[in-house]
Structure formats: C-alpha cells, structure tokens
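The structure is given below, and queries will be raised subsequently.
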Amino acid sequence: MYDKKVPLFDLKKQYAALRGEARAAFDEILDSQMMRGGPKVSQLEEKIAQYCGVKSAVAVSSGTDALIASLMALGVYRSPLDVENAGEVIVPTFTFFATAGCVWRVGAKPVFVDIDPFTFNMSAEDLEAKISPRPRAIIPVHLFGQCANMDRIMSIANAHN
C-alpha cells in the first residue's frame, strides 16, 4: 500500500497570509451580530457589482445557492411535473455533488462529461462528443488551482448556441 500523502489542496498557506485581516473582519461582523444583510453584505455586493461591471450583485450563503440562483436567472427552471421540457445542463463527472444536485433541483437533467486525467477538469473532447441540441447551460468546475480549458469550452458552447 502507498505510504505517502499527495497534497492536493492546502488552505493553511493561503489563510496564513490573510489571517490578521480576516480575523479583524470576522470579529467586526460577529460583534455587530449582523450575520446576514447589514452594511458588510451591502458593501460586498457593491464591490462585486463594480468588479464585474454590472448594476447590481446578490450575495448568497453558499456555492450551492449561487448555482441555483444562476441557473434560475438563466431560465433553467421547470416544474417537476413538466418532464417533457426538462433542459439539460452539462457538468463534469469529478466535482462536488452539489454541482449536479443544483441542476436536478431546478428541474433540469444533469449530463455528465468526463474529465481530463491531467487536470481533473471537464474534458473539452468529451463535451464535444456529448453535447446535444438540448443543453441550457454548461457548468465547468475549476479544481486544484487549474482552470478548465475555457477557450475550447466556450467555442463548443458557442457552436451549439
């Protein structure tokens, strides 16, 4: 059996550089008891909107909520009774379970695309092989500091409108 651990993800180094600033911000929020809403959330939403060059942004409590809200904003939603109009949303096979779970939750069908074995991100080749006329969205997931091949993924997405 193997006796070595492979370090894939280490937040300690990242946290060490931000510890003082992060602790001060957490203390300020905890002292105010404004865990949701409040001035810090408003400031965050304003900064995100400015950064993205849009009119407004909405902070949510998790990546799961962000995926659900994004899919719904794109019109990827149907009643569970409307089986015939379920759109497809393409997701990678190697991801957090919520990626596909959010797709199912809004009433769409997750279509799984294999990963590139070197990056663990969505394989553009498998995406091209599996894309159908029914995709409503593609959710590439970037893992371990490696970005998915977005140029290729966007090219495939644009070719299939």
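Throughout, read-outs are computed from the coordinates displayed, never taken from laboratory work. Source: prediction; values computed, not measured. When we count neighbours, we look across all protein chains shown, and the Cβ atoms used for this are built from the backbone with ideal geometry, even at glycine.
What nm value, rounded to one decimal, do you get for the distance between E28 and D114 when each label is placed 7 Å out toward the C-beta?
Here the modelled spin labels are 5.0 nm apart.
Take the alpha-carbon centre of region 1-68, take the same for region 95-144, and report the distance between them in whole Å.
When both Cα centres are located, 25 Å separates them.
Can you list the residues, at least 5 places off or on another chain, whose amide H is less than 5 Å from the amide H of V111, using H built in the peptide plane?
Amide H neighbours of V111: V89, I90, V91.
May I ask you to order 147-160, 38-51 by the average number of other C-beta atoms within 10 Å around their residues, highest value first?
147-160, 38-51
Given a Förster distance of 41 Å, report the FRET efficiency between S42 and K130 from their Cβ-Cβ distance, rounded to the nearest 0.05.
0.50
Moving on to the next point. Using only Cα atoms, figure out Rg for the chain and give it as a multiple of 2.2 N^0.38 Å.
After normalising by residue count via 2.2 N^0.38 Å, the value is 1.26.
If you don't mind, there's one more thing I want to ask. Which value in deg cm²/dmol, rounded to the nearest 500, describes the helix-derived mean residue ellipticity at 222 nm for the chain, given -39,500 (n - 2.57) per DSSP H run of n ≥ 4 and division by the residue count?
Taken over the chain, the calculation gives -14500 deg cm²/dmol.
Residues in region 123-161, backbone N under 18 Å from the label point at M72 (7 Å along the Cα-to-beta-carbon vector): list them, ranges by number please.
From region 123-161, the list is 137.
Springs between alpha-carbon atoms under 10 Å, Gaussian network over the chain: tell me which of S132, S32, S79 tops the mean-square fluctuations.
It is S32.
Now for a different question. Kindly state, to the nearest 0.05, the FRET efficiency for Y15 paired with S62, given R0 = 25 Å and r defined as their beta-carbon distance.
The calculated FRET efficiency here is 0.85.
Near K55, which lysines are there with a Cα under 16 Å away, not counting those fewer than 8 places off in the same chain?
The reachable lysines, counting only those whose Cα sits under 16 Å from K55, are K47.
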